[in-house]
1. Which value, in Å², gives the accessible area per residue of the stretch 662-803 when a 1.4 Å probe is used on the protein heavy atoms?
2. Run the 1.4 Å probe and let me know the accessible area of Arg219, rounded to the nearest 10 Å².
3. Between the stretch 19-51 and the stretch 632-699, what's the alpha-carbon centroid distance in Å?
4. Can you tell me which of 576-589, 51-64 comes out highest on packing, and rank the rest after it, using the mean Cβ neighbours within 10 Å?
5. Of all trypsin sites (Lys or Arg not before Pro) in the stretch 624-676, which ones are in loop regions per DSSP and have a Cβ with at most 14 other Cβ atoms within 10 Å?
6. Please list the three semi-axes, largest first and in whole Å, of the ellipsoid equivalent to the stretch 411-482, using sqrt of 5 times the eigenvalues of its alpha carbon gyration tensor.
7. Using all Cα-Cα distances in the stretch 574-730, what percent lands in each 10 angstrom bin from 0 up to the longest?
8. For Ile696, Ile607, give the ranking by accessible area with the largest first, probe 1.4 Å.
Amino acid sequence: MLSDLKFAFRQLIKSPGFSGIAVLTLALGIGLNTSMFSLMNLLILRPLPYADKDRLVRIYRTTPQDQQAGHSASDYAELIEGTAEFGNLAAYRDWSFNLAQTGRPAVNLSGLRVAAELFSVLGMRPELGRTFNPEEDRPGNHVAILSHATWQAQFGGDPGVIGRAVRIDGESTTIIGVMPAAFSSVFVWGSPGDIFRPLALTDLERANPEDNGLKLIGRYRSVDSLDQLNARLDTLATRLAPLRSAARSKDGLRAVTLQSLMQNPNTVMLSLLLLGLAGFVLLIACANLANLQFARAVARTREFGIRAALGATRRRLLGPLLAESLLLALAGGVAGILVAVWSNDWLSSRMSANRMVTFMVELEWNVLLFALVLSVITGLVFGIVPAWIMSRVNVNETLKSGGRGSTGDRSQNRFRSSLIVAQFALSLVLLAGAGFFIYGLERMLQREVGWNTEQTLMAVINVPQAKYPTPTETYAFYTRLQERLGALPGAEQVSVAWTLPMFQYLTSRSFVVDGRDAPPVGHEPLAGVNGVSPSYLDTLQIKLLSGRNFNDTDKQTSLPVALINESMAKTLFPGEDPLGKRIGSPDPTNRAWVEIVGVVADNTFAISFLPPATRSLVLRPLAQDTWNYVTVTVRARSPEALAEPMRHVITELDSDLPLQQFGTVRQVISQFMSSSTMISTLLLVFAVLGLFLAAIGLYGVIARTVVQRTPEIGIRVALGAQSGDVVWLVLGSGIRLALLGSAIGLLGAYGIARLLAAISPTISQEVPASTSAAMIAGVTLLLLTTAVLASWLPSRRASRVNPIDALRAE
């Protein structure tokens with residue numbers, strides 16, 4: 001074996017051009033696949049770092065409408081008692097905190113309020129300091145634990161941070177701990193987990209059965225499996241049902257492993273898709289190198305014949321060729337690691353471009369092992385078949401051919417043609433996938449959404465409840481803010497709302513209609529809900545279809561009112577006038593009726609990868625349903641020019657208020673779309689690289705065929721064949737191979753279209769059947785054009801063959 005490697009190494013050194021092209025091609029193929037596996041490792045394969053993680057679960061509340069609902073404070077208390085004999089529970093809820101330090105601008109942190117037991121349930125100790133004790137898990141305790149990332153970013157990794165007082169939401173708060181880097185996981189928490197505060201449920205939260213913001217993590221101990229745990233939870237839900245309101249009597253409980261939260265079906269499908277398409281690029285590269293290896297082997301046919309005549313066994317004939325392939329693959333693998341490092345850095349920057357979560361796509365040990373195994377397999381794939389074919393040389397025929405070498409028999413030519421067909425089939429799949437996704441994404445972003453996304457400036461702020469403890473004080477702050485922003489030169493309208501219709505509403509609620517029989521429990525109509533100031537419709541330029549808009553008389557003490565959208569009006573009140581009708585909560589003990597005073601035109605989300613759970617929308621006056629987490633919007637002809645004045649106004653009113661998602665709506669959309677544009681870029685790179693490799697492969701095969709068939713071409717010319725006849729003879733063979741590959745690739749293109757539709761139905765909907773057909777036709781035309789160009793130069797060379805020179809060797 002060592003002698004084979006030495007001989008193979010000498011042969012590769014003698015062919016630096018071939019060796020360089022082979023290593024570069026493999027580096028791109030192996031590097032891209034390694035990078036895609038790194039991404040898959042980050043998103044779905046990386047094991048959670050918690051102790052005895054197989055017994056950790058997330059417990060959902062289930063309803064007929066939602067299998068992943070959250071829990072209320074009363075639910076939590078009941079479940080702690082009900083699960084005590086077979087598990088431990090801890091609750092947490094998403095929360096946004098404003099962190100301010102002396103001499104530095106305030107920053108917003110996506111944090112969590114957590115029960116003191118959470119850290120022991122997960123079995124992880126802090127890197128510095130301590131965790132919360134039970135006495136701190138009540139309102140009024142101002143302590144905090146930092147994530148490792150926040151400790152590094154905001155405090156420079158200073159170990160003296162323990163015991164330091166900072167301002168969080170305007171209150172002096174003491175840092176008591178720092179968690180390890182592995183503790184925070186956006187896949188587990190649903191947020192980055194920048195900072196942790198005690199859960200400290202307030203009296204209002206404990207008394208509000210509609211506040212279902214708690215999420216539960218548990219560790220089971222006295223049951224043997226997840227199925228047994230779910231059986232116990234079913235029994236518990238049945239026992240608790242009579243104690244709950246009629247609206248909650250059908251609620252169930254469902255546990256899933258914490259590790260499974262890393263395996264969202266769409267994320268898994270997308271990761272597999274990217275890895276599969278990167279694999280197509282590598283297969284095209286392997287087909288190319290197999291043809292190149294085969295061509296080099298054909299040129300050495302006489303050498304193989306002599307060695308076989310001297311008694312060389314098949315293993316001795318195969319050895320040097322396989323050794324060459326393995327050496328090339330390993331060299332390509334090493335270079336591929338460098339490509340993967342560069343690609344991972346780019347992926348990390350694109351995935352973190354929305355500034356909400358920082359992702360680091362890294363080369364971990366399992367990724368490096370994947371690269372090694374892939375390199376070895378690649379070497380075998382593109383080396384073993386040509387080597388096996390050439391080991392079957394006919395000694396007599398080879399030696400009879402003298403110095404002319406072999407032109408390859410029919411089976412060998414079929415093998416090389418099959419590789420070209422496979423390359424073009426895979427290229428069509430890559431091109432179709434890139435075309436479908438990029439076109440659908442562009443159409444989705446350019447569609448009419450029913451509100452002004454072009455002339456709007458936005459900023460999300462989190463008004464601390466400690467500074468503004470009552471809804472009246474909070475709304476008074478919003479009023480002052482609107483007045484100050486409205487006075488800025490160029491500002492046309494200013495509004496404050498819970499959120500904008502960017503990609504989802506922050507909450508949805510079920511409703512019943514006053515005067516009608518209530519639907520079965522759990523089957524009430526669902527609607528998105530948004531709290532807005534009276535200027536919201538004018539700011540976003542949403543049309544009021546009937547009734548009136550909110551006004552300054554819609555106060556907290558006034559008659560509760562609402563606007564609904566056209567879809568909800570048609571669903572709940574077909575053929576009726578909804579104005580004056582009342583809708584309320586499904587809870588018969590607390591209907592909380594609101595009167596419909598207006599109907600607004602439908603609008604859609606600016607970003608939407610999945611169909612919304614409901615197209616119905618209820619707008620409530622912000623004065624009557626005041627939240628502390630809101631989006632401030634300014635409409636102006638030149639919104640970019642108002643960015644700094646807007647920042648200055650908010651800082652003047654409250655220096656502890658950092659701005660999140662700050663910029664024009666289009667800029668914020670662009671940030672949110674960074675991962676999607678990353679996917680578009682990857683698909684385009686795969687498609688272009690695959691097409692280029694397929695073209696190079698076709699050119700190489702046609703050029704080699706022309707050399708091998710030079711005597712035949714010379715005879716044809718001598719017998720009167722014209723230049724055009726010779727050109728078409730060569731050009732036609734290339735086009736036929738491309739056509740056959742394209743025909744096979746159509747099946748793959750259909751499959752990739754279905755897969756993309758499953759991952760993102762809304763993008764798929766933007767590509768109608770007629771456009772899909774036109775796109776497939778365009779991709780096929782591109783492939784054929786590429787085939788013509790790749791075959792043209794060899795065909796022109798063939799047309800210039802001098803019959804005397806061609807036949808002289810005969």
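The values are calculated or read from the model by the stated rules, or taken from the named source; none is laboratory data. The model shown is predicted, which means the values in this text are computed figures rather than measured ones. All Cβ positions, glycine included, derive from the backbone under ideal geometry; neighbour counts span all protein chains shown. When the accessible area is computed, the model is the full protein with side chains, heavy atoms only, and any ligands, DNA or RNA have been set aside. Shrake-Rupley method; radii C 1.70, N 1.55, O 1.52, S 1.80 Å.
1. On a per-residue basis, 45 Å².
2. Near enough 40 Å² of accessible area.
3. Going from one Cα centre to the other spans 26 Å.
4. 51-64, 576-589
5. Answer in residue order: Arg637.
6. 60, 16, 7
7. Percent of pairs per bin, in order: 7, 16, 18, 16, 11, 8, 9, 8, 6, 2, 0.
8. Ranking Ile696, Ile607 by accessible area, largest first, yields Ile696, Ile607.
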